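Encoded as structure tokens, the structure appears first; notes follow it.
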Amino acid sequence: MTDTTDTCTLCDLPIRGDPVTADDDANGDGAASQSETDATDAAGETFCCRGCLEVYRTLGDADPEAVSTDDLEDASDGDADRRDVPEDAETAFLAVDGMHCTACEAFLETTARAGEGVYDAEASYTTEMLKVSYDGSKTDEEALAESVSRLGYRASVPEVGTAAAEEERFGRDELRTVLGVLGAMSVMMIYVLFLYPSYLGIYSESFLYEPATHVIVFVPIPLLSTIVVFLVGYPIVRSAYVSLRAGTPSMDVLIAGGALASYAYSMYVVATGGVVIYFDVAVAIVAVVTLGDFVQRRVKRRALGSIGDLDFDRVRSARVRDAAGTHEVDVDALEPGDEVVVKRGERVPLDGTVVDGEAAVDEALVTGESVPETRGPGDAVIGGSVATDGRLVVRVGERAASTYDRLLAQLWNVQSGSGGTQRLADTIAALFVPFVLALALVVAGGWLLTGAPVREALTIGVSVLVVSCPCSFGLATPVAVAAGVSRAADDGVLVTNTDAVASLADVDVVAFDKTGTLTEGRMRVTDVAVDDATERDVLRYAAAIEREANHPVADAVVGHADERGVRTSGERTLASDGGAAVTDGATDDGDAAADSLRVADFEERRRGAIGTVDGARVLVGHPDLFAGEDWTVPGAVSRAVTSAQDDGAIATVVGWGGRARGVLAARDTPRDDWRETVEALARDGREIVVVTGDDQSRVSQFEAHPDVADVFAGVLPQAKAAVVERLRGAEGTVAMVGDGTNDAPALAAADLGVAFASGTELATEAADATVTEGGLRSVRRLFGIATTTRSRVRQNFAWALGYNVITLPLAALGLVDPLLAAIAMAASSLLVVANSARSYRPDE
């Protein structure tokens, strides 16, 4: 394996081995090129894989950074506050409890950067994570977590493989929410029984001034309200303070302002002997917002809570072979040049080169390649891949790195960085909050100047704050999205990032992974060709040998034999000569077979296997294996092999008695409804792209479909995220649909990532939505639901804005007291909820 410091022109990732260039394609190496029609000349550029070369040719040098993640980000801190980070800096990813809005990001970043030895910090409200680059000689993760744990924020190092930390975090929020709801219910019960009837004239006015009533009403209500507002509502108040300190006032400023104004005014009234109090407004605001925030956090934490488990499959120890023998060490202790022993079924710990042994290596988890490749001495292997059979000794490469770990780190970076979009409510808040605060002060001051009593002026000022309290703004998006999420769940899609649902309707490009997404993700034998033999004999001999092997094609052969009633899965006993006696489990008529297949002298070869079955020497494997063993390959068999390979299938030749006698064609079969899905999404004006780690020969049927704009084959996993970014720069908003670990960074980098639950955990945790049932049909439905959800979000914001346009002038003129303001606020929120909860039509 050749290591180099060169980087890929497209994705800027290090190039392992020899770089791919346009000259390779011109010389006929690899897939067919579009060089005659491509807008961009790739001559002179170097790439890490053929996929990156083809993406560069198709999309050119479109700058992925041209797609702004958020205009507000650029307008605030943005890259201006980003600091230079040395290459040898260490990185910590901290889980932060207590982040309440996007303003918390700026506060935490500022606090973290002030710490000793910290180079830079980036916070993400979306995933409640803080990424810190620091000097490991001056500080560590625990010290960093302690330095930002202030003002109610709690930072901690995520605990890998355990849910204890998340259960503790979730428990605190749950307790606060329950306390808030119970406290608000208690306050409202007293209002319903005593205060509202008095305000409405049902009870006499003197009723509230009686000593017994005073003890029952005006003692517990202030006490309960204090608990709700300052204990339950602490995160809201803190968020309002932080946003004001950061210079980016959020909606929490109005929420906290309305609650605190109602509370303070009511305490003043009680202290001066009055009876018209608005504690109900204060506790209702805090309880409703806390409950809504709890539901939102529950969805977010489901995605974040499991992210600590993503590296559960990483290799943590390795067997090192040296002069003293073989001993186990931590992977972190491995050095370039160390020789590591990898047994059958184990993961290769780090990228390296095979120096001894031979095995079929499954790289699907990392590269997306659906078929294991045989690796032997001199071959490069990828860290994170699995030796499915045999034993390997791998010399650790110069970088002593794992491709799987790089994928994991890339996913952390994408998910812990700033989110792609900010909530629309916070966008409006930047202008609306200062306006309302100024209006309340001006109105109260104006009434005082006109000679109005202090209590009346304060009442009108409070009415302005209460009537403008943005509960309808706060509900406009989450309630509509929650309804869409619920409908998506009914259709077999679990949405883990609710913000992505509203943006899905704006997707311009849908990029599909091939293996396991457009295809079923498993090999199947689709054709059997025979020469001078019966199909049953070919299947019997092939299944007997392949049952001893361990790779997807072998499983496909055995499965096909079982489906055709040619079973070799009966009781197996060790033969006296060291082979295995395999009883044929059934015959064509379904009765137990009278004979048994004896498999002896089984040996795995570089591209197949050989053994003795019932006294006959049987060879199963790649066509080249037969030439190497000097077996006869008839012309009919050669033509069948060529036909299968031209059709994108894997040809497995079966022979006995020194002669090839049949060909089994296996392939990863497409899902039945892939064409319908592609056509439906294309009809809505979206561009369809296929991005896969498989080579060009296995994607011909997708390339031929008229609605598939581009097929990028041979794309390495690290480059998939770069492909998505390049598509965003050239085409617009991108959704990625995939299932493998190799898709995880691309799923996270896309504007919306959709994963199949049948795929790997890394992919589902990186995605914004997970298809649990329904397959590609559910993907189509998700797009329809998103379109309706976006429409309802816009309707909700239109009503919320209209409500404020009408009610704010009335409150400022003194025509709306705080009680009526609270009723109007509640009515506005109910209309938003009712609009969001409307049933979805079947075609949505």
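Structure above, values below:
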| item | result |
| --- | --- |
| Residues being hydrophobic (A, V, I, L, M, F, W, C) and modelled with pLDDT under 85 - total across segment 694-722 | 7 |
| When residues of segment 239-253 are limited to those that are of a type in the set (Gly, Ala, Ser) and buried (at least 23 other Cβ atoms within 10 Å of the Cβ), the one modelled with the highest pLDDT | Ala240 |
| So Val618, is it in contact with a Gly (Cβ under 7 Å, 6 or more places away or on another chain), modelled with pLDDT of 90 or more and farther than 13 Å from Val528 by Cβ | yes |
| Gly201, sole failed condition from (1) outside any helix (DSSP H, G or I); (2) in contact with a Phe, Trp or Tyr (Cβ under 8 Å, 6 or more places away or on another chain) | (2) |
| Residue within segment 583-596 that is outside the structural domain of Arg391 (by TED's automatic domain parsing), modelled with pLDDT of 75 or more and not basic (Lys, Arg) present | no |
| Test for Val653: is it assigned by TED's automatic domain parsing to the domain that holds Val779 and either crowded, with 23+ Cβ neighbours inside 10 Å or touching a residue at least 24 places away in the same chain (Cβ under 8 Å) (or both) | no |
| Hits in segment 204-238 - residues which are surrounded by fewer than 19 Cβ atoms within 10 Å (Cβ to Cβ) and among the charged types (D, E, K, R) | Glu205, Glu210 |
| Selection status of Leu494, under 25 Å from Gly257 (Cα atoms) and either within 27 Å of the chain's Cα centre (by Cα) or modelled with pLDDT of 75 or more (or both) | no |
| Segment 132-157 residues that are loosely packed, with under 14 Cβ neighbours inside 10 Å, paired with ones that are of a type outside the set (Gly, Ala, Ser) and in a loop (DSSP other than H, G, I, E, B) (beta carbon under 6 Å, 6 or more apart) | Lys138/Glu116 |
| Hits in segment 663-706 (condition: of a type in the set (Ser, Thr, Tyr) and closer than 29 Å to Leu539 by Cβ) | Thr669, Ser697, Ser700 |
| Tally, over segment 657-695, of residues that are more than 22 Å from His551 (Cβ to Cβ), over 23 Å from the mean Cα position of the chain (by Cα) and hydrophobic (A, V, I, L, M, F, W, C) | 2 |
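Residue-wise test of (1) farther than 20 Å from Ala719 by Cβ; (2) within 26 Å of the chain's Cα centre (by Cα); (3) at pLDDT 85 or above.
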| residue | (1), (2), (3) |
| --- | --- |
| Val340 | yes, no, yes |
| Arg347 | yes, yes, no |
| Thr353 | yes, no, yes |
| Glu358 | yes, no, no |
| Leu365 | no, yes, no |
| Gly368 | no, yes, no |
| Thr374 | yes, no, no |
| Gly383 | no, yes, no |
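The values are calculated or read from the model by the stated rules, or taken from the named source; none is laboratory data. Values in this document were obtained by computation on a predicted structure and should not be read as measured data. Cβ coordinates were reconstructed from backbone atoms using ideal geometry, including for glycine residues, and neighbour counts include every protein chain displayed.
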